[in-house]
Amino acid sequence: PLRVHARLGTCPPRDPVERYPMMIAGFGFSNRATEASLAEAYNALQTRPDRVVTLRAKADSPVFRAFALAQNLTVETLDEDQIAGVATPTLSPRIHARFNTGSVAEACALVAAGASARLIQRRCVTTDGLATVALAEMIER
């Protein structure tokens, strides 16, 4: 049913506020990664993220900082212990031995997106093998 507003006239019924899921991109990368490696990973995402997250120890690297600045990204960081034990669809034995999770990118995206997170893009690896990215959606904020 239409509502009638005193000054605006006829108004459609009120709909609940639409909430779109927030997209979180998680990055993992080698110390040998280049800005081009990170840009390739970013460009492999299905959609542009609302937030980008990586490990605190990696976020301060000059290459990652230059990449984030070039893409105008705000970067959030996680400590290694925050991703330890996170179950991921991808399982890299080398990464699991180092971080106790199968994929740094997937784990970062999932942890940053919160308890109700859903991975919507599994880890993508760059052609040089030096950077990875994954995308999760945060359902509840």
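The values are calculated or read from the model by the stated rules, or taken from the named source; none is laboratory data. The model shown is predicted, which means the values in this text are computed figures rather than measured ones. Virtual Cβ from ideal backbone geometry, glycine too; neighbours counted across all protein chains shown.
Could you count how many residues in the range 88-141 are assigned to a loop (DSSP other than H, G, I, E, B) and of a type outside the set (S, T, N, Q)?
First, the residues of the range 88-141 that are assigned to a loop (DSSP other than H, G, I, E, B): 88-92, 100-103, 114-117, 126-130, 139-141.
Narrowing the set further to residues that are of a type outside the set (S, T, N, Q) leaves 89, 91, 102, 114-115, 117, 128-130, 139-141.
So the count comes out to 12.
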- Query: When you go through (1) under 13 Å from the mean Cα position of the chain (by Cα); (2) under 19 Å from LEU130 (Cβ atoms); (3) modelled with pLDDT of 95 or more one by one for PHE64, which number turns out not to apply?
  - Reply: (1)
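Yes/no matrix, rows are residues, columns are (1) in contact (Cβ under 8 Å) with a residue 60 or more places away in the chain; (2) under 22 Å from ALA36 (Cα atoms); (3) out of contact with any Phe, Trp or Tyr (no Cβ under 9 Å at 6 or more places or on another chain):
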position	(1), (2), (3)
ALA87	no, no, yes
ALA97	no, no, yes
ASN100	no, no, yes
ALA107	yes, no, no
ILE120	yes, no, yes
- Query: How about the range 94-141: which of its residues are surrounded by 14 or more Cβ atoms within 10 Å (Cβ to Cβ), on the phi > 0 side of the Ramachandran plot and more than 15 Å from the chain's Cα centre (by Cα)?
  - Reply: ASN100
